[in-house]
1. To the nearest µm²/s, what D does Stokes-Einstein give for segment 28-85 at 10 °C and 1.306 mPa s, using the Kirkwood radius over alpha carbon pairs as Rh?
2. Could you report the chain's accessible area per residue, 1.4 Å probe, as an integer in Å²?
3. Trypsin sites (Lys or Arg not before Pro), restricted to segment 1-83: which are DSSP loop and have at most 16 other Cβ atoms within 10 Å?
4. Just how much of Asp26 is accessible, in Å², when a 1.4 Å probe is used and the result is rounded to the nearest 10?
5. Calculate one ³J(HN,Hα) per residue across segment 27-40 by plugging θ = phi - 60° into the Karplus curve 6.51 cos²θ - 1.76 cosθ + 1.60, and present them in order as whole Hz with x for glycine and proline.
6. Computed from the coordinates I sent, Rg and Dmax of the Cα atoms in Å equals one of [x] 19.7, 61; [y] 12.9, 40; [z] 13.9, 46. Tell me the label.
7. Identify which of Ser58, Ser45, Ser76 has the largest mean-square fluctuation in a Gaussian network model of the chain, with springs joining Cα atoms closer than 10 Å.
Amino acid sequence: LASGGRDSSICVWNLSTGLLDFVIRDHANWVNDLVFHPSGKYLISASDDRCVKVHDLSKQRVLRTLEEAHGHFVTSVSLAPHLNKLFSGGVDKEVRVWECR
């Protein structure tokens with residue numbers, strides 16, 4: 001389980017214990033949406049800093065940042081792994097499609 005918030009952090013929780021495993025602090029503004037990759041190895045985040053980030057959960061670090069993914073706040077992310085696509089939506093009223101590799 002992962003949660004994002006207004007403090008620009010992402011909390012990753014252990015469902016077995018109910019305790020916080022670790023915190024990721026890589027965004028500069030509110031974290032609006034999160035989606036896990038089906039493998040469970042990666043977490044993708046959308047933020048008011050206009051970035052979409054891919055986090056490696058085992059290394060607790062950012063693998064890739066899509067800088068200025070939108071012209072305004074990024075409000076949502078979704079994966080279509082069978083298509084190797086990532087979708088992001090923002091306040092700019094656009095849905096962007098990203099190739100996953």
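The values are calculated or read from the model by the stated rules, or taken from the named source; none is laboratory data. Keep in mind it's a predicted model, so treat the numbers as computed, not measured. Cβ placement follows ideal geometry from the backbone for every residue including glycine, while neighbour counts extend to all protein chains displayed. What goes into the accessible areas is simple: the full protein's heavy atoms, side chains included, and nothing from ligands, DNA or RNA. Shrake-Rupley method; radii C 1.70, N 1.55, O 1.52, S 1.80 Å.
1. Estimated diffusion coefficient is 138 µm²/s.
2. Each residue of the chain exposes 60 Å² on average to a 1.4 Å probe.
3. For trypsin sites (Lys or Arg not before Pro) across segment 1-83 that sit outside H, G, I, E and B with at most 16 neighbouring Cβ atoms in 10 Å, the list reads Arg6, Arg25, Lys41, Lys59.
4. 60 Å²
5. 8, 9, 7, 3, 9, 9, 8, 9, 8, 7, 5, x, 6, x
6. [y]
7. In the Gaussian network model the winner is Ser58.
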